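Inspection log for the structure reproduced underneath, given as structure tokens.
The values are calculated or read from the model by the stated rules, or taken from the named source; none is laboratory data. Worth saying up front: this structure is predicted, and the values here are computed from it rather than measured. Ideal geometry is used to build each Cβ from the backbone, glycine not excepted, and the neighbour counts take in all protein chains shown. Just the protein is used for accessible areas: all its heavy atoms, side chains included, with ligands, DNA and RNA removed. Shrake-Rupley method; radii C 1.70, N 1.55, O 1.52, S 1.80 Å.
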Amino acid sequence: MRPVAIGTPPFSREELIASLAEFSELYEERPVKDNQGGMCASLLFGAWFMAKKLEPQTIIESGVWKGLGTWFFEKACPSAELICIDPVPQNMQYKSPTAKYF
């Protein structure tokens, strides 16, 4: 099967590269330093960048783990409604004061 392009990406390569410095600064400030078992830096960057670029009104995070993704979503979209779903909330090291947890 060959890859198929559908539509135009909502960002340019230059925008993606230019945002690396901002992400890097945020990454240094992250509240969870060891996120083994959760999203690594490259996945966090992609999720943060797309959320920041698309500016959704609502974000549903399925699988919170330690809460690092939640923190990055808050930084990307501070006014978005954040709904977090995780079957084992005891693992969370960061819990948002504004997110709804299930």
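Could you please give the count of residues in the range 1-49 that are at pLDDT 95 or above and hydroxyl-bearing (Ser, Thr, Tyr)?
4
Only residues that are open to solvent by 60 Å² or more (accessible area, probe 1.4 Å) and of a type in the set (D, E, K, R): list them for the range 78-94, please.
Listed by number, the list holds a single entry, Glu81.
Of everything in the range 1-34 that's of a type in the set (S, T, N, Q) and loosely packed, with under 11 Cβ neighbours inside 10 Å, which residue is farthest from the chain's Cα centre (by Cα)?
Thr8
Residues being among the hydrophobic types (A, V, I, L, M, F, W, C), touching an Asp or Glu at 6+ places or on another chain (Cβ under 8 Å) and more than 23 Å from Ser19 (Cα to Cα): count how many of those fall in the range 67-98.
Selection size over the range 67-98: 4.
How about the range 34-87: which of its residues are in contact with a Ser or Thr (Cβ under 9 Å, 6 or more places away or on another chain) and hydroxyl-bearing (Ser, Thr, Tyr)?
Correct list: Thr70 only.
Just need a number here: residues in the range 40-57 that are under 20 Å from Met92 (Cβ atoms) and open to solvent by less than 60 Å² (accessible area, probe 1.4 Å). Reasoning before the result, please.
Within the range 40-57, the subset under 20 Å from Met92 (Cβ atoms) is 40-41, 43-44, 47-48, 51.
Checking the rest, the ones that are also open to solvent by less than 60 Å² (accessible area, probe 1.4 Å) come to 41, 44, 47-48, 51.
The number of residues fulfilling the criteria is 5.
Residues that are at positive phi, of a type outside the set (S, T, N, Q) and in contact with an Asp or Glu (Cβ under 9 Å, 6 or more places away or on another chain): does the range 44-66 have at least one?
To start, the set of residues in the range 44-66 that are at positive phi comprises 55, 63, 65.
Going one step further and asking which of them are of a type outside the set (S, T, N, Q), we end up with 55, 63, 65.
Those left that are additionally in contact with an Asp or Glu (Cβ under 9 Å, 6 or more places away or on another chain): 63, 65.
Yes, some residue in the range 44-66 is at positive phi, of a type outside the set (S, T, N, Q) and in contact with an Asp or Glu (Cβ under 9 Å, 6 or more places away or on another chain).
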